[in-house]
1. Working from the pairwise distances between different alpha carbons, so that the mean of 1/r is found and then inverted, what is the chain's Kirkwood radius in Å?
2. What list of whole percents do you get for P(r) of the stretch 21-67, with Cα-Cα distances grouped in 10 Å bins up to the one holding the largest distance?
3. Measuring from label point to label point, each 7 Å out along Cα→Cβ, what is the GLN3 to ILE30 span in nm?
4. Can you divide the C-alpha Rg of the stretch 59-105 by 2.2 N^0.38 Å and report the result to two decimal places?
5. Just how large is the dipole of the chain about the Cα centre, in debye to the nearest 20, putting +1 at every Lys and Arg Cβ and -1 at every Asp and Glu Cβ?
Amino acid sequence: MAQTFNSTVAVDIGIADKILFTATSKTMLIGCNFSNKTVYELPITVWIVRSTTIINLVNGYRIGGNQNDDIIKGKVVLLNGDILKANCPLDASFDALISTLEGLD
């Protein structure tokens, strides 16, 4: 399978758990940039669901108002079926840009 760079956008991340990305093949997560759309410093929680296991990437990571940050400080490999999710304590507060390299052997 050919490897493909992709970019996925998730908007209005808030209180409800939001699916950011679902891996359909072995995938390298190379960027996970979150933008806080409010004037308040807010925490964001991001995790991977792998079957019945929860893998926390950041829990309550604070990003300043009208600021952005890439929470990935290295490469993360997602397996087929892994689901990347996020939430925060205030509705419609964050947007995210997820950068991936899909189709790894």
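The numbers here are math on the coordinates, done by the rules we state, and not lab data. Since we're looking at a predicted model, the values are computed, not measured. Cβ: placed from backbone, ideal geometry, glycine included. Neighbour counts: every protein chain shown.
1. It is 13.8 Å.
2. Answer for the stretch 21-67: a P(r) of 22, 45, 27, 7 percent.
3. Label-label distance for GLN3 and ILE30, simple model: 0.8 nm.
4. Normalised by 2.2 N^0.38 Å, the Cα Rg of the stretch 59-105 equals 1.38.
5. 200
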